[in-house]
1. If you take every DSSP beta bridge whose two residues both sit in the protein assembly as shown, what share of them, in percent to the nearest 5, is antiparallel?
2. Say each of A:ASP173 and A:PHE48 gets a label point 7 Å from the Cα, pointing the same way as Cα to Cβ; how far apart are those two points in nm?
3. Over the Cα atoms of region B:40-132, how large are the radius of gyration and the largest Cα-Cα distance (Dmax), in Å?
4. Can you give the relative contact order of chain B as a percent, counting alpha carbon pairs under 8 Å and 6+ residues apart?
5. Write down the Kirkwood hydrodynamic radius of region A:63-146, to one decimal in angstroms, obtained as one divided by the mean of 1/r over all alpha carbon pairs.
6. Based on Cα positions only, what radius of gyration and what Dmax would you give for region A:40-109, in angstroms?
7. May I ask you to find the residues of region A:19-35 that are shielded by at least 20 Å² of accessible area once the whole protein assembly is considered instead of their isolated chain (probe 1.4 Å)?
8. So for chain A, taking the charge dipole from beta-carbon charges (+1 Lys/Arg, -1 Asp/Glu), which of A:VAL92, A:ALA242, A:MET258 sits furthest toward the positive end?
Amino acid sequence: MNSYRLPRVRRGALAVWQRNIRVWRKLLGPAIAMNFGEPTLYLLGLGFGLGHFVGDMSGLTYIAFLASGVIASSAMTTASFEGMYSVFTRMVPQRTYDALLATPLEVDDVIAGEMLWCATKAVFSGVAILLVALLLGVVQSAAAVLVIPVVFLIGLCFAGPAIIMSAIARSYDFFNYYFVLVITPMFIISGVFYPISTLPEPMQGVVQLLPLYHAVSLTRPLVIGVELSQPWLHIAVLLAYALVGYYLAVVLVRKKLMV
Amino acid sequence: MNKPAGEEVVEARKLTKCFQDRCAVDGVDFTVTAGKCFGFLGPNGAGKTTTLRMILGLTPVTSGELNVFGLDVSRHAAEIRARTGVVPQTDNLDPDFSVAENLAMYARYYGLPAAQIPARVDGLLAFAELTGRRDARTDALSGGMQRRLTIARALINDPDMVVLDEPTTGLDPQVRHVIWGRLAELKDRGKTLLLTTHYMEEAERLCDELVIMDHGRILDQGSPRELVARHVEPEVIELRGAGDDILNRFTPNAQCRIEPIGTSFYCYTQDSAEILAQLREVPEVNFMHRSSGLEDVFLRLTGKELRD
């Protein structure tokens with residue numbers, strides 16, 4: 001049993017996903033408050049407040065610019081939180097993974113199920129923001145519904161690295177490093193709050209390697225109703241992050257638990 | 001679909017599991033027959049849990065052969081687990097679900113058809129005497145109820161073999177008797193039981209065959225009765241509060257093998273009558289006469305030093 005062998009995705013992943021959605025349903029109230037409350041505050045506070053001083057950005061009202069970017073960054077943070085705090089809880093203190101792995105499920109199935117679930121939660125947050133944006137009159141085209149599968153893909157893309165952090169973490173405190181060193185900088189420089197063309201040129205090159213930049217490049221045109229540029233490139237980058245993340249997460253969780 | 005009695009359910013040959021610095025299991029051979037209760041008895045760190053984890057395909061085998069249901073564990077772990085139930089050492093019930101939901105969700109992990117699940121859950125709730133608590137949260141259950149639920153959960157797939165890692169550790173005597181009754185019932189239904197324990201009474205009551213392990217090796221194996229007959233004299237007299245000098249009074253003229261254990265001396269003998277008569281003459285010595293058992297075999301084979 002080589003830890004590095006390629007994972008197989010089987011139907012068992014859906015049972016793991018189903019477990020999580022059943023638990024989520026029990027805590028629906030706080031979950032929905034989180035999904036709607038936070039982005040609404042962001043959009044209203046920054047969009048109108050800051051937007052008053054900013055005026056237009058890249059030919060959009062600031063609130064439209066912001067909403068179409070936050071939908072991507074919110075998918076990122078939702079999937080990351082779930083992949084770290086919740087996954088770690090199930091993997092270590094709660095011993096849920098021990099119970100799962102005593103059945104025919106394998107690490108491959110468990111991690112696939114967790115990633116599907118992280119992506120599902122990202123969709124919940126994305127839909128909430130889309131609805132808020134719709135109410136604020138930001139959404140311009142019916143094509144905006146395509147944001148939903150895109151947000152799912154964004155969730156998959158960020159779930160893998162988060163689960164990798166869970167596999168190597170000794171305690172919850174470890175996740176601070178990932179947030180401070182990875183998630184927050186990416187949030188700030190990937191074009192959510194301002195176009196990356198305002199960054200120095202070498203920096204723009206770096207940003208284009210980051211998944212959040214590609215995520216925003218897909219969500220913004222879809223939400224505001226303009227044509228996508230290079231959609232397949234952006235999708236390919238997100239998919240590559242998701243697949244590599246899945247593989248490494250499976251390997252590291254195998255090394256952690258199957259000893 | 002239980003296998004007919006007499007077939008081998010688990011076969012281990014030179015089974016070895018080494019970590020970087022030590023070998024937890026060091027070349028063990030054993031065979032578990034269908035429908036029997038097979039025990040792994042040993043002090044902490046003997047390699048019992050590691051052996052079970054290898055049988056379930058939860059840890060790679062370093063060397064040797066291990067077949068379960070005639071399948072190689074390294075290639076068929078998921079198939080083996082599909083026919084096995086597991087009761088872990090530490091309860092890992094899902095705290096986010098009620099009692100009945102724990103069973104129903106577990107059935108999903110085994111891929112059972114949805115239509116079969118409610119009937120199975122009801123049956124197992126009855127078996128575990130938890131029908132009245134079906135909607136309770138698991139953290140509201142007593143330790144004994146949680147254990148019963150964990151055992152019920154291990155039966156959700158109607159397994160051919162049930163693996164129990166110290167099933168009654170930390171439970172009070174009443175609860176242990178209830179659990180033993182349930183396990184005996186499973187054996188009557190033809191299930192193969194694999195059990196680790198360090199309770200001699202548990203092994204003596206439940207196991208048809210057992211191995212005594214220490215430092216990753218098997219010291220001996222057989223039925224509890226065979227092991228007792230092979231390693232210790234049939235009777236024991238425990239002497240308490242007896243100073244070293246007291247032994248001089250009767251050892252020279254008695255058929256008695258003396259073992260100092262803790263603050264007592266154990267006197268193992270083929271015939272206790274003469275020694276007992278002598279002891280009754282010495283009122284300051286407390287003594288207890290009993291038949292020897294697995295505990296005596298265990299102490300003899302694994303030594304007396306403390307284990308952590």
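1. Of those bridges, close to 70 percent are antiparallel.
2. 4.2
3. 16.1, 48
4. 21
5. Numbers: mean 1/r = 0.0690 Å⁻¹.
With all distinct Cα pairs of region A:63-146 included, I get 14.5 Å.
6. Calculated on Cα positions, Rg and Dmax stand at 20.0, 58 Å.
7. A:ARG19, A:ARG22, A:VAL23, A:LYS26
8. So the residue we want is A:MET258.
The values are calculated or read from the model by the stated rules, or taken from the named source; none is laboratory data. Owing to the predicted nature of the structure, the values given are computational and were not obtained by experimental measurement. Glycine gets a Cβ as well: all are built from the backbone with ideal geometry, and neighbour counts include every protein chain shown. Ligands, DNA and RNA are stripped out before the accessible areas are found, and what is left, the full protein with its side chains, is counted by its heavy atoms. Shrake-Rupley method; radii C 1.70, N 1.55, O 1.52, S 1.80 Å.
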